[in-house]
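Engineer: Mind looking over this structure? Questions follow.
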Amino acid sequence: MTQAEQEQIYLAYNGKVMGYIMARLQRRADAEDLCADVFEKVFRKLDEFDREKASLSTWIFTITRNTVIDFFRRSRPSSELDENMEDGSETEAGLLHTETLNELAAALAQLPQELRDIIVLRYYDKKQLTEIADMMGLSYGAVKLRHQKALGMLKELMEG
């Protein structure tokens, strides 16, 4: 692959990859590092890319998603409650909110990867189902059905 072809790929996907990563990370420096990692992997593995299996965008976003997952696996932050924390209702409400978010995160983790991606793209990234269909290389109808299935599964997991 020529340098010009690599530049075209980078220019076409850099903003989208960076946006995807920034939506999931708190620190811009980490996001920039991961974005660089993604394109390093893309260019190193480009000869393995098979257009019959997926579109270039789907392949790049799969690498992006896996890179973000690997980042979280490596960093696994552990936080402890502050011993001097006040015992007020505001703190209690915050903990309840955190508990609900933790339950939702646990339920999301139980979904198959594809369904989890649809939920994250729809509600966290605020993407329309048509955009998600384009990103994932699926039809709108397929994404709509999988979205409904994912919501049903989340409801069952959260209630159970």
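Engineer: Could you go through the range 22-33 and let me know if any residue there is closer than 20 Å to Asp70 by Cα, of a type in the set (A, V, I, L, M, F, W, C) and either touching a residue at least 24 places away in the same chain (Cβ under 8 Å) or outside any helix (DSSP H, G or I) (or both).
Structural biologist: Among the residues of the range 22-33, at least one is closer than 20 Å to Asp70 by Cα, of a type in the set (A, V, I, L, M, F, W, C) and either touching a residue at least 24 places away in the same chain (Cβ under 8 Å) or outside any helix (DSSP H, G or I) (or both), which makes the answer yes.
Engineer: Consider the range 121-142. How many of its residues are at pLDDT 85 or above, in a helix (DSSP H, G or I) and not small (Gly, Ala, Ser)?
Structural biologist: Qualifying residue count, the range 121-142: 10.
Engineer: Does Met153 qualify as being farther than 30 Å from Asp33 by Cβ, over 16 Å from the mean Cα position of the chain (by Cα) and modelled with pLDDT under 85?
Structural biologist: no
The values are calculated or read from the model by the stated rules, or taken from the named source; none is laboratory data. In this text the structure is predicted, and so the values were computed from the model without any measurement. We place every Cβ from the backbone using ideal geometry, glycine too, and count neighbours over all the protein chains shown.
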